[in-house]
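Here's the structure, in structure tokens; my notes come after.
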Amino acid sequence: MNYTIREFVESDAESVSEMLRESFEWFHKGDHESWLWKSFAPSNLINFSKTQDILVAVDDKGEIVGYISSTTTLYGVAYVPTVAVRNSLRRMGIGKLLLDEKIRRFREQGIRKMWLLVTHINTSAIEFYRKNDFVIEGYLRDHTGPGYDEVLLSRFL
Ligand SMILES: CC(C)(COP(=O)(O)OP(=O)(O)OC[C@H]1O[C@@H](n2cnc3c(N)ncnc32)[C@H](O)[C@@H]1OP(=O)(O)O)[C@@H](O)C(=O)NCCC(=O)NCCS
């Protein structure tokens with residue numbers, strides 16, 4: 001299967017919502033009242049797309065398999081709120097494909113640094129970013145919820 005990266009369009013919202021809710025089950029645990037479950041509602045994803053630059057990974061059939069979002073600043077630093085790959089397609093290089101395309105676009109825009117937060121128990125994502133040259137720059141306790149510390153990782157481009 002080949003995977004390609006393209007910009008998010010509003011008609012992706014339903015399938016992206018389903019994929020993100022599946023990808024972050026470890027965080028919201030199926031609780032539809034959780035802030036994260038709500039934040040991935042299709043209407044919110046459409047709202048995000050008005051202020052964030054969102055890329056999706058699609059397979060040969062056009063199915064959504066991955067997602068990466070970002071915002072940039074005038075001082076050359078980008079923030080990446082969310083990266084996800086469909087559960088059944090992990091460790092196949094799709095996460096790196098999304099990250100590399102985002103970095104390519106950042107460099108074109110003159111962005112010199114990117115940063116993001118990863119929940120401390122999300123060891124697979126921490127491994128993923130460390131493998132991709134991110135370093136730990138901070139630690140935020142009880143940040144996205146009680147008992148959910150966030151590790152601040154960054155990378156100079
Ligand atoms: C983090 C995430 C996006 C990585 O996507 P992925 O497509 O599986 O990553 P890749 O296949 O490109 O992995 C690249 C490298 O990262 C490292 N890596 C990725 N997942 C890993 C894991 N579970 N354990 C250890 N290392 C891992 C490996 O070095 C891997 O290379 P290798 O497979 O050749 O050893 C994916 O695990 C995910 O969607 N997680 C749930 C959502 C999430 O927590 N997002 C991050 C917070 S915003």
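Worth a mention:
- Relative contact order (percent, whole number), the chain, Cα cutoff 8 Å, 6+ residue spacing: 19
- Divided by 2.2 N^0.38 Å, where N counts the residues, the Cα radius of gyration of the chain comes to 1.00.
- Mean residue ellipticity at 222 nm, helices only, the chain: -9500 deg cm²/dmol; runs of at least 4 DSSP H residues each add -39,500 (n - 2.57), and the sum is divided by the number of residues.
- Summarising the label geometry, the points placed 7 Å from Cα in the beta-carbon direction at Tyr79 and Phe156 lie 2.3 nm from one another.
- Extension reserve of the Glu101-Trp26 stretch, reckoned as 0.36 nm per residue once the Cα distance is removed: 24.4 nm
- Magnitude of the charge dipole, the chain, Cβ model with Lys/Arg +1 and Asp/Glu -1, debye to 20: 560
- Estimated FRET transfer efficiency (Trp115, Asp60; beta-carbon r; R0 35 Å; 0.05): 0.60
- Here Lys113 is the anchor, and the lysines within straight C-alpha reach of less than 23 Å, apart from those fewer than 8 places off in the same chain, are Lys50, Lys96, Lys102, Lys131.
- Extreme residue, positive dipole direction of the chain, given options Ile68, Phe8, Ile136 (C-beta unit charges): Ile136
- Signed unit charges on C-beta, dipole axis of the chain, positive-most listed residue Leu97, Phe40, Val77: Val77
No lab work stands behind these numbers, since they all come straight from the coordinates. Since the model is a prediction, treat every value here as computed from it, not as a measurement. Every residue, glycine among them, receives a Cβ derived from its backbone with ideal geometry; neighbour counts consider all protein chains shown.
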